[in-house]
Amino acid sequence: MSVNTAVIGKTYPPAHYAVGREKIREYAKAVGETNPLHLDVEAARAAGYNDLVAPPMFAVVYAFPSLWPVLFDDEVGIDFSRMVHGGQEFEWGPLVVAGDEITTTVSVADISERAGNGFYVFASESVNQRGETVCSARWSNIVRGA
Amino acid sequence: MRPGDEIEPLAVTPDKYLTVRYAGASGDFNPIHIDEEFAQQVGLPGKILHGLYTMAQVARAQTDAGGGPRSLKRLSVQFRGMGLPEHELVVTGRVVSADDGVAIVECGCAQNGKRIIRNAEAELRLSDD
């Protein structure tokens, strides 16, 4: 397969996500969280937060939608039927709580080819309504050669 | 936490419908996770777990060990192989360094003796709420 390295560095329009209390609860329950900070508003407030606290991995919920334009970009040229998720990295800043407004910007960090497989790394940067970076992520995908 | 310490292992067995609930919660509705027939048609043994669900279990073991969500500052993982519903996941980790209130934990997740997340590394900020 051939990969288009010319698209490295391309940045996509920011995507916005409004963090809802019930969405945090739904996500926390799905992944088996038991910490009351994610489930009980009173417990979260007693601990000094304004509302329910999102588990760190909730970054998937607010950041992932911003990746769709990259994954469907013909210039990037990903063949979904051959794509596997190879690796993932998140680095977190201040905790996200219900009511936060998150803006995520995605760029193509790297594209390379090894042994006939394509390696795609996308970077996302999510900031809250105060401009604080709440999560930086690297999404690594492998597209297996034919 | 001191270098060499093992973190408390986390064991969880996702039930048959977990992938459907996680798809709804995360927004990832790829049919390989929620449609048994589709998964088999593309050569999988059946519905497979979302990699990011399994990563969330690795994260949960860290925040449980670190004392809450604020403790987890960074987590990187490599996905190797597929996770399956109705089989136990076991997350383990070992502290490799602990300096100035920051611990580095090498961790991973295994299912049926196979490490489906490996080379994972977490950075924890200690002394948390």
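Just so you know, all these numbers are worked out from the coordinates, no wet-lab data involved. Note that the structure is predicted; figures quoted are calculated from it, not measured. Because the Cβ atoms are built from the backbone with ideal geometry, glycine has one as well, and the counts that use them run over all protein chains shown.
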Sorted by Cβ neighbour density within 10 Å, fewest at the top, the residues B:D28, A:D40: A:D40, B:D28
Charged-residue dipole, Cβ positions (Lys, Arg, Asp, Glu), chain A about Cα centre, Debye nearest 20: 220
Using a Förster distance of 22 Å, the FRET efficiency for B:E106-B:L126 (Cβ separation, nearest 0.05): 0.85
Radius, Kirkwood style, for chain A when every pair of distinct Cα atoms is counted (Å): 16.4
Ranked list, fewest to most other Cβ atoms within 10 Å of each Cβ, for B:S127, B:S76, B:S97: B:S127, B:S97, B:S76
Rounded to the nearest 20 debye, dipole of the protein assembly as shown from Cβ charges on Lys, Arg, Asp, Glu: 380
Translational diffusion coefficient (Stokes-Einstein; Kirkwood radius from C-alpha pairs) of the stretch A:2-75 at 10 °C, 1.306 mPa s, in µm²/s: 109
Value of [θ]222 nm, deg cm²/dmol, for chain A, DSSP H segments ≥ 4, -39500 (n - 2.57) each, nearest 500: -4000 deg cm²/dmol
Cα-Cα P(r), the stretch B:1-114, percent of pairs per 10 Å interval: 14, 41, 29, 13, 3, 0
Point-to-point label distance, B:E86-A:E113, nm (Cα→Cβ direction, 7 Å offset): 4.2
Nearby lysines by direct alpha-carbon distance to A:K29 (threshold 30 angstrom, same-chain neighbours under 8 apart not counted): B:K16, B:K47, B:K73, B:K114
Cα-based convex hull volume of the protein assembly as shown per residue, rounded to whole Å³: 131
Residues B:L84, A:L71, A:L52 arranged by fewest to most Cβ contacts within 10 Å: A:L71, B:L84, A:L52
DSSP-assigned coil residues among chymotrypsin sites (Phe, Trp or Tyr not before Pro) in the stretch A:67-145, each with at most 16 further Cβ atoms within 10 Å: A:F72
Descending semi-axes in Å of the stretch A:37-103, equivalent ellipsoid built from Cα gyration tensor: 33, 12, 9
